[in-house]
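> Dumping the structure here so I can ask a few things about it.
A short reminder: the numbers here are calculations on the coordinates, not readings from a lab. Here the structure is a predicted model, which means the values were calculated and not measured. Note that we place each Cβ from the backbone using ideal geometry, even for glycine, and neighbour counts take in every protein chain shown.
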Amino acid sequence: MSRALASALALTVLLALAMAVATLMPVAPGPGLPGSDKAHHLLGFAVLALPVAVVRPRAMLWLAPVLAAYGGAIELVQPAVGRGRELADWVADLAGIGLGTLVGLVTRRVGWRRSGQT
């Protein structure tokens with residue numbers, strides 16, 4: 001495994017752990033984060049997919065299903081910690097994985113063009 005891929009995977013794991021803490025803690029009373037819950041899911045999972053998609057796009061063939069299962073697992077566990085389970089949240093997670101992968105592929109392609117590679 002290359003150092004770049006190992007770093008990208010480590011970043012993804014750290015972000016996933018932070019996401020687990022944020023999504024599996026009981027909701028505190030008061031105002032939440034600005035923006036819609038579905039947008040948070042979309043952006044959160046896009047950020048999880050992005051590092052590996054940039055560094056090693058082919059690794060997304062196995063990472064995307066792992067991230068999809070992770071998002072589903074979070075939704076299944078949330079009722080046990082006093083939060084709601086929503087299929088729409090998981091669909092937003094899946095869309096985020098697709099978005100992060102697409103942005104990663106475009107970023108990689110643009111980076112190659114700028115560096116003179118094809």
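> For the chain, find the longest principal axis of its Cα atoms and tell me its angle to the long axis of helix 60-77, 0 to 90°, nearest 10.
10
> To continue, here is another question. Taking N as the number of residues in the chain, what value does Rg over Cα atoms divided by 2.2 N^0.38 Å take?
Expressed relative to 2.2 N^0.38 Å, the Cα Rg reads 1.15.
> A follow-up question, please. Can you tally the net charge around ASP93? Count Lys and Arg as +1, Asp and Glu as -1, for every other residue whose Cβ sits under 15 Å from the Cβ of ASP93.
Once all neighbours under 15 Å are counted, the net charge is -1.
> Once the Cα atoms of helix 3-24 and of the chain are each reduced to a long axis, what angle between those two axes, in degrees from 0 to 90 to the nearest 10, is obtained?
Orientation of helix 3-24: about 10 degrees from the principal axis.
> Given a 10 angstrom Cα cut-off, can you work out which residue in ALA64, ALA18, ALA92 is the most mobile in a GNM of the chain?
ALA18
> With everything on Cα atoms, drop me the angle between helix 87-115 and the longest principal axis of the chain, reported from 0 to 90° to the nearest 10.
20
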